Every structure is written in C-alpha cells, then in structure tokens.
Amino acid sequence: MTGALAGDIITVILKWLILDNKLSTLSTLPGKKLNGGWRGKRGRNPLGGGFYFGLASFVLFGLLFFSSSGLAQLSGPQSNDVVFLNSFANTSEIDNGDLFFSQSRAYAPETPDLKIIEDAFVYGVSTPQVFNTQTLGSIMGGAEQPQERKEIVNYAVQQGDTIATVAQTFGVSVNTVLWVNNLSKTSTLKEGQNLVILPVSGALHVVKSGDTISQIGSTYKSASGEIIAFNGLGGEGDIFIGDVLIVPGGSMPVKLPSVTVAPLADSFFIYPAEGHVSQRLHYYNGVDVANKCGTPIYAAAAGTVQRAVGNGKWNAGKGNHITILHSGEISTYYGHLMTLFVAPGEKVNVGDRIGLMGSTGQATGCHVHFQVMGAKNPLSRFPVGTTLQYK
C-alpha cells in the first residue's frame, strides 16, 4: 500500500470522527440557567462515538483488503470471463504472443486508484484495458487456426478404406496418395497395408546429385519458395544427396526422376545400435531399433556428416537427427536422438559413436529411426522383435 493511499484512508477516518463529534455537540438539550448562565444538558448518543469509529475502521480496512491483496490471492476469473481491469492485469503478459494470459501471471498485488467523494465515500477507479487485435479476435470468436501438419504419417489401412476415403480423411488429393505410394487408380487397398500420407497435397522428391531447388520446382510445377519454406530449408543451396523433400502443390511429371538402388555387400553396413527391431520397413526406407535412452548410436558406414540437427525441437517429427553421405551417393539417416556428437562436414569412420538414442520429435519411446537412401536397408530383412547385438 502506497503512502498516498494510507494518507487518504487516515483522512477519511479522521473526518468521519470529526463529523461524529460535531453531531454529538449539536445534539445538546436545553437545561436550567444556574449562576447567571446556562448549563447545557448534553444528550447521549446511545451507540457512542466508539461504535462509529469501529464501524468505519472495519468498513475501510475490509474494502482495502478486498480491493488489493485479496484479489491477488483469490482465484482469477473463470475461463469464460473477460477481465477489463487494467489495475490488476499485467499487460506485459498479454502482448507476448499468448492469446489468453494465465491467471497466475496476469494478476499482481496492486491496488486500484482510490478516490474520495465529498470527504465521505471511497471508490476504486480502473483505467480501460487495451487489448491487441489478436487477443480481441480470440475473445470475439476469431481464434487463430491450428498450425498445419508438416510431418509425414504412416497409415495402416483399415477395413473398408479406399484410396478416396483415405485421401479425404487426411485432407489431401487422391493423386497425392497414389503418387507417393506408387499406386494407380485401379489399385485396391488391403487391410493392414502401410500407406505414406503427406501433410499437404503434392509430391515427394528424393534429392540426387546435381539437383537444385529451382530444378525440382520446375519438374513438379511448384514454386521454389514454397519448397524452401515448407521443408524449413535455409535457402536454395540447403539440400543434400538423400534428402526427402515435400513438394507442396506439386504434380508428378510424365517422366519420373530415376532413383537408383545400389547393390551392396552385406558387410557394407553395421548395425546403427544394439537393441531390438520395434518396427519394420516404413517411411522412408527406415527401420526402428529400440533400446533404453542413452544407448550409443554408431555410424553404419564411413562417410561425411551432412546434417546434424540437435536443437531438441520437433523438426517436422524428426527430432534431433543426423544424415551421413557415404560412397556411391548412399546416405543414412538417424532420427529421434537424445544427444549428438558430430557436426556437419565432419568425417566419420564406420563404428564411430555419433550420438545417443532418444525419443525426440514424433517418437513413442526410446529408439533410433535408421533410414537408408540409395540402397537397400540392411535391417529390412529382420522381423519385429529381432535382437541386434554386436559380436
């Protein structure tokens, strides 16, 4: 409570008492004249000045409590209430990007401005609250739309599904489902069949040597800027061999870009980690190996690190991840890591520890998503539950 406020309250109390004393003095009754003068016979207030003093103190301090610290300790408004009192709202919390400021942060133990009317009444004054357009739009029903999905989904076909119903369920075109899954319009779906579903209508492109964003955009009739923005790329040159790009709004060309699969010796790759196979081949040519978080992840073959993203963010469902380019334009991808031990451009040998297993991004448990581009995934031959262990 500020000094000015305390002074106002004391002034009210004193003026109340002075007024009570004056009223008591004016209430004297006529008496008898004694010794040449009148001695007034003062009437007694049946309640007494002390009662009014106590009553005034109780009312004022009660008002002070319920208009200051009481509000700071009591629960805030319900979720469907709108508060317009600037004296209690911490406006810095409103304009930080939150559509609705939280109750625990929005109220400060601060009293409203108190005014005295005719030296007898006290009332609180609060200035109008200024809302930004985003907050007002949310209150009035114009809430921000949820962000669009940017990760690719692996969908298991259910009984009764058709290509058209699956496309409608995920809000993409029928052609998108056909193109990405190498299906035709006459294809029929089988229950349990795995489908790759893009987040938007368009196409999927695997980057090969010599590709540029402009060339990819021209091939699929999509704007280069949209490809860069949707895939979170840093610019025209931020692509590497083996990258899988979503081409929003793109359409498949008559002549498909060729994707070569190099034959490899069984000894070319080692296991990326010890554990057990928790999911067989799925998008994109990947196999999941599960173990406890913190299990070492190793380079499956010698090569050069292309990407090493360890910011701990969602990253379109990838979480922390690493890509390594090997000989023959073959690349490997390691997703959902907890910790990274390498950086882009670094040379690694087969068996070098590059990170630790985690569950970042779109992961339901601790595992590594091991993906091979340009060659057959060596783990694709193992059924779910197979234990992978180094000899």
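Which residues, taken from the stretch 379-391, are of a type outside the set (D, E, K, R), surrounded by fewer than 20 Cβ atoms within 10 Å (Cβ to Cβ) and on the phi < 0 side of the Ramachandran plot?
Across the stretch 379-391, the qualifying residues are Ser380, Phe382, Pro383, Val384, Thr386, Thr387, Leu388, Gln389, Tyr390.
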Residues of the stretch 342-365 that turn out to be surrounded by 15 or more Cβ atoms within 10 Å (Cβ to Cβ), at pLDDT 95 or above and of a type in the set (Gly, Ala, Ser), as a count: 3
Odd one out for Ile354, checked against (1) touching a residue at least 60 places away in the same chain (Cβ under 8 Å); (2) not in a loop (DSSP other than H, G, I, E, B): (1)
Some residue of the stretch 285-298 being more than 24 Å from Val180 (Cα to Cα), crowded, with 19+ Cβ neighbours inside 10 Å and free of Cβ contacts under 8 Å to residues at least 60 places away in the same chain: yes
Residue in the stretch 324-341 that is surrounded by fewer than 23 Cβ atoms within 10 Å (Cβ to Cβ) and in contact with a helix residue (DSSP H, G or I) (Cβ under 9 Å, 6 or more places away or on another chain) present: no
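Yes/no matrix, rows are residues, columns are (1) over 31 Å from the mean Cα position of the chain (by Cα); (2) in a loop (DSSP other than H, G, I, E, B); (3) not aliphatic (A, V, I, L, M):
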| site | (1), (2), (3) |
| --- | --- |
| Ser187 | yes, yes, yes |
| Gly210 | yes, yes, yes |
| Ile216 | yes, no, no |
| Ile227 | no, no, no |
| Gly232 | no, yes, yes |
| Phe240 | no, yes, yes |
| His276 | yes, no, yes |
| Gln279 | no, no, yes |
Odd one out for Met338 among (1) within 14 Å of Ala299 (Cα to Cα); (2) not in a loop (DSSP other than H, G, I, E, B): (1)
Some residue of the stretch 238-250 being more than 30 Å from Leu178 (Cα to Cα), of a type outside the set (Phe, Trp, Tyr) and modelled with pLDDT of 95 or more: no
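The values are calculated or read from the model by the stated rules, or taken from the named source; none is laboratory data. In this text the structure is predicted, and so the values were computed from the model without any measurement. All Cβ positions, glycine included, derive from the backbone under ideal geometry; neighbour counts span all protein chains shown.
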